[in-house]
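K.L.:
Handing you a structure now.
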Amino acid sequence: MEKFFEIFKQNQKNERLELRILEPTMENAEIVWNAVKNENPDDFKYVWFTVTHNSHMTESLEETLQRIKLDFESKTGCAYYIFYDVQFIGYQRLHYIEGASTIRCAAVWLVKSAWGNGFNQEIHKCLEQLAFEKLGVNRICRQIMPANVRSKKSIEADGYHLDGIDRQAEMQPDGTFTDRWMYSKLASEYKQ
């Protein structure tokens with residue numbers, strides 16, 4: 001776990017994007033909250049960026065600050081707040097399963113204005129490089145809800161394989177359950 005934090009608990013940057021570990025300050029919460037507060041909630045029905053699970057997205061500045069604090073203090077993973085041209089555009093949470101030599105990518109999302117720009121693929125290429133080349137993991141997992149067609153296409157285009165279905169694994173804010181499709185890419189399948 002120590003090596004995971006050494007590699008992943010720091011800001012990452014590529015040509016277009018910056019993946020930041022945000023400290024739980026009101027200023028950082030305002031940056032994130034201002035980017036998401038006017039988004040259409042229906043566009044985020046596959047997202048978990050909340051503390052209460054009463055909705056898919058945070059519902060206030062205070063809850064956004066609480067989410068950032070939970071991410072910052074996590075002992076099992078980290079969360080990147082994604083910026084493009086100094087604008088906050090999205091989020092990616094990771095968990096490290098040390099005994100399985102696995103990184104589990106969870107809760108990735110982008111604000112709607114960032115959709116269709118190839119950012120998701122860029123984010124995961126950066127994470128794959130860190131995970132496979134620097135940390136030496138054996139496997140990266142990604143998961144989606146079956147109705148999330150956009151993410152399914154993106155994950156499969158990135159060379160991930162469907163491992164199976166985790167039946168009724170996600171409880172929705174309305175109390176209903178939905179399946180979760182589990183995908184993975186192995187170190188032996190990673191192309192540098």
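The values are calculated or read from the model by the stated rules, or taken from the named source; none is laboratory data. Quick caveat, the model's predicted, so the values are computed rather than measured. Backbone-built Cβ (ideal geometry, glycine too); neighbour counts: all protein chains shown.
K.L.:
Enumerate the pairs (first residue in the range 62-80 and under 21 Å from GLY99 (Cα atoms) and in contact (Cβ under 8 Å) with a residue 12 or more places away in the chain; second residue anywhere and of a type in the set (D, E, K, R) and in a loop (DSSP other than H, G, I, E, B)) with beta-carbon separation below 6 Å, excluding pairs fewer than 6 apart on the same chain, so at least 6 apart or on different chains.
P.N.:
CYS78/LYS9
K.L.:
Taking the condition loosely packed, with under 14 Cβ neighbours inside 10 Å and part of a helix (DSSP H, G or I), does GLU122 pass?
P.N.:
It is false that GLU122 is loosely packed, with under 14 Cβ neighbours inside 10 Å and part of a helix (DSSP H, G or I).
K.L.:
List, please: which pairs have Cβ atoms under 8 Å, are six or more places apart or on different chains, and start with a residue in the range 11-39 that is in contact (Cβ under 8 Å) with a residue 60 or more places away in the chain and more than 14 Å from SER60 (Cα to Cα) and end with one that is of a type in the set (D, E, K, R) and assigned to a loop (DSSP other than H, G, I, E, B)?
P.N.:
Note: pairs meeting the criteria are ILE21/LYS9.
K.L.:
Exactly one of (1) over 21 Å from CYS141 (Cα atoms); (2) free of Cβ contacts under 8 Å to residues at least 12 places away in the same chain; (3) not hydrophobic (A, V, I, L, M, F, W, C) is unmet by GLU6. Its number?
P.N.:
(1)
K.L.:
Let me ask you something else. With the structure loaded, tell me whether PHE49 is in contact with a Ser or Thr (Cβ under 7 Å, 6 or more places away or on another chain), within 22 Å of ASN148 (Cα to Cα) and hydrophobic (A, V, I, L, M, F, W, C) or whether it fails that test.
P.N.:
Here the answer is yes, as PHE49 does meet what is asked.
K.L.:
Pick out the one residue from ARG139, ARG104, ARG180 that is touching a His at 6+ places or on another chain (Cβ under 7 Å) and surrounded by 13 or more Cβ atoms within 10 Å (Cβ to Cβ).
P.N.:
On the way: ARG139 fails: touching a His at 6+ places or on another chain (Cβ under 7 Å); ARG180 fails: touching a His at 6+ places or on another chain (Cβ under 7 Å).
Criteria check complete, one pass: ARG104.
K.L.:
Say we look at the range 147-177 and pick out the residues that are among the polar types (S, T, N, Q) and part of a loop (DSSP other than H, G, I, E, B); which of these is surrounded by the fewest Cβ atoms within 10 Å (Cβ to Cβ)?
P.N.:
THR176
K.L.:
Cβ-Cβ below 6 Å, separation at least six or inter-chain, first residue in the range 100-127 and more than 13 Å from TYR183 (Cβ to Cβ), second exposed (fewer than 13 other Cβ atoms within 10 Å of the Cβ): which pairs?
P.N.:
Going by the 6 Å Cβ cut-off, the qualifying pairs are CYS126/ASN14.
K.L.:
What are the residues in the range 63-109 that are acidic (Asp, Glu), on the phi < 0 side of the Ramachandran plot and out of contact with any helix residue (DSSP H, G or I) (no Cβ under 8 Å at 6 or more places or on another chain), if any?
P.N.:
First, the residues of the range 63-109 that are acidic (Asp, Glu): 63, 71, 73, 85, 98.
Subset that is on the phi < 0 side of the Ramachandran plot: 63, 71, 73, 98.
Answer for the range 63-109, where residues must be acidic (Asp, Glu), on the phi < 0 side of the Ramachandran plot and out of contact with any helix residue (DSSP H, G or I) (no Cβ under 8 Å at 6 or more places or on another chain): GLU63, ASP71, GLU73.
K.L.:
With the range 28-114 as the region, which strands (runs of 3 or more DSSP E) entirely inside it contain at least 1 residues that are basic (Lys, Arg)? Spell out how you get there, then give the answer.
P.N.:
On the way: elements: 77-84, 87-97, 102-110.
Ranges flagged: 87-97, 102-110.
K.L.:
Continuing with the same structure: Name the residue, out of GLU23, GLU27, GLU63, that is among the charged types (D, E, K, R), buried (at least 16 other Cβ atoms within 10 Å of the Cβ) and modelled with pLDDT of 95 or more.
P.N.:
GLU63
K.L.:
Next up: I'm told GLN192 meets every condition in (1) closer than 27 Å to LEU17 by Cβ; (2) assigned to a strand (DSSP E or B); (3) modelled with pLDDT under 95 except one. Can you identify the failing condition by its number?
P.N.:
So the condition that GLN192 fails would be (2).
K.L.:
Testing ASP85 on (1) buried (at least 20 other Cβ atoms within 10 Å of the Cβ); (2) of a type in the set (Asp, Glu); (3) modelled with pLDDT under 95, one condition comes back false. Which one is that?
P.N.:
(1)
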